[in-house]
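The values are calculated or read from the model by the stated rules, or taken from the named source; none is laboratory data. Note that the structure is predicted; figures quoted are calculated from it, not measured. FYI the Cβ positions are ideal-geometry reconstructions off the backbone, even for glycines, and counts take in every protein chain you see.
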Amino acid sequence: MAPDREAELLDLKKEEILRAIVDNVGKRGTAGQDLQNVISVAMLSEGWDAKNVTHIMGLRAFTSQLLCEQVIGRGLRRVGYDVDENGLFKPEYVNIFGVPLSIFQDVGGGGEAPPPPKPSTQIESLPERNSLEIRWPNVLRVDPVVKPVLAVRWHEVTPLQLRPEATPISADIAPALDGATDWSKIHVIDLEKMPEAFRLQRVTFLAARKAFDQMSTQFSGNPEYLIVQLIRLVEEFIASDKLDIPGLFHQEPLRKRILITLNIDRVVQHLLRHVYEHNSERMELIFDADAPIGSTRQMRTWYTTRPTIPTVKSQVSHVVGDSTWEGYAANLFERCEAVASYVKNDHLGFQIHYLWNGSRRRFIPDFIVRLSNGKTLVLEIKGVDDDQNRAKRSALAAWVEGVNQKGGFGRWSWDVVFEPNQIQDTIARHVSV
């Protein structure tokens with residue numbers, strides 16, 4: 001700003017200087033050139049949790065003393081929690097201009113200046129690292145669902161042999177007149193010349209339908225669910241070594257399907273002798289309707305004065321070291337070739353719900369690690385173990401099982417380590433499985 005312009009501003013009254021600053025926010029060569037942001041108190045009164053308010057300026061008339069108290073209250077939220085030599089919180093201050101609150105007095109230019117704020121680190125999701133993104137389902141709860149399931153005791157199934165010589169696949173047909181066969185008009189029917197009639201899918205459905213006719217009155221579950229399971233079992237039986245067809249000539253796929261079709265009743269009866277029903281528990285995921293999918297891309301930028309570690313293999317710019325173990329783990333992930341990407345579970349919204357002492361709690365695991373084999377590992381670091389931590393891990397195990405059964409999110413696993421030297425062995429174990 002030019003010296004003469006600065007001198008003009010200094011000659012103005014405080015109220016006029018304030019108006020000049022606010023009217024020219026950020027404009028070079030004006031009184032407001034050094035001001036970056038002006039936030040309306042109306043915005044703060046609608047639920048904004050502003051903890052770093054350092055200056056409050058009253059720019060218009062106030063209608064009540066209560067409103068003055070509410071405005072000043074926006075500057076009374078503590079920013080730091082450092083203590084002095086007496087173990088007390090250090091005082092913090094807010095500069096207030098133009099708010100006519102009767103219980104406060106203008107102390108002029110005296111008083112102790114507020115201490116400078118601690119340097120903070122910006123924690124953000126980096127768009128240039130989208131290849132390191134980690135996604136997860138936001139699950140409110142995991143419900144176990146019991147369903148009747150068909151299974152086969154494969155170890156008890158004896159091989160079924162289909163002998164080609166006992167199953168003719170061609171025939172000679174000749175017309176007959178007055179009981180006498182006209183051999184001059186003989187016609188050969190060869191099933192191998194009709195491949196479309198013996199497609200594998202058609203053969204499988206035919207066998208499953210015959211099995212369904214025999215089991216539909218005995219199965220306790222849904223009929224549609226029964227036919228789906230029978231199709232699966234028939235496909236598995238046909239592809240297994242439990243179906244024996246001698247000779248390499250008849251191992252050709254079309255001839256093999258013809259033999260199976262012509263012996264379809266034997267195949268179905270042989271399989272059904274070893275089919276049994278049992279109840280199976282399945283995990284049903286109940287998703288958050290508002291945000292069913294979470295991602296490191298969606299993390300909002302935040303700031304911290306705690307120690308941080310810059311990252312390379314994470315989409316989030318820094319890892320906040322809440323403990324020496326977590327800092328050690330982050331450094332290990334950065335160097336480990338088996339780790340494709342990772343993220344510290346801080347401000348991400350990834351949480352596991354569990355029950356403890358009859359109430360619903362939230363469990364926030366420490367790290368999400370994407371391994372080189374494509375598996376995603378939820379890793380918890382614990383110094384001690386107790387019943388509540390075991391309840392957390394039980395809920396995490398159910399969450400992982402439900403996500404893997406649901407599909408669509410890749411393979412997931414979980415683990416917990418109680419010593420820092422276990423982290424590398426834990427990663428190696430999950431990579432090899």
The residue that is farthest from residue 353 (Cα to Cα), considering only those in segment 385-417 that are more than 18 Å from the chain's Cα centre (by Cα) and modelled with pLDDT of 90 or more, is 417
Residue hits (segment 405-433; surrounded by fewer than 15 Cβ atoms within 10 Å (Cβ to Cβ) and farther than 20 Å from residue 338 by Cα) are 405, 407, 408, 418
Scanning segment 345-362 for residues that are part of a strand (DSSP E or B) and hydrophobic (A, V, I, L, M, F, W, C), the one surrounded by the most Cβ atoms within 10 Å (Cβ to Cβ) turns out to be 352
Taking segment 48-91 and keeping residues modelled with pLDDT of 75 or more, surrounded by 13 or more Cβ atoms within 10 Å (Cβ to Cβ) and part of a loop (DSSP other than H, G, I, E, B) leaves 58
Screening 400, 369 for residues that are assigned to a helix (DSSP H, G or I) and within 25 Å of residue 334 (Cα to Cα) leaves only 400
The number of residues in segment 304-339 that are farther than 23 Å from residue 416 by Cβ and of a type in the set (Lys, Arg) is 1
Note on segment 217-234: residues buried (at least 16 other Cβ atoms within 10 Å of the Cβ) and at pLDDT 75 or above are 226, 227, 229, 230, 231, 233, 234
Residue 358 passes all but one of the listed conditions (1) touching a residue at least 24 places away in the same chain (Cβ under 8 Å); (2) over 23 Å from the mean Cα position of the chain (by Cα); the exception is number (1)
Of the candidates 376, 308, the one satisfying the condition of being touching a residue at least 12 places away in the same chain (Cβ under 8 Å), crowded, with 17+ Cβ neighbours inside 10 Å and touching a His at 6+ places or on another chain (Cβ under 6 Å) is 308
Given (1) part of a helix (DSSP H, G or I); (2) touching a residue at least 60 places away in the same chain (Cβ under 8 Å), residue 425 misses just (2)
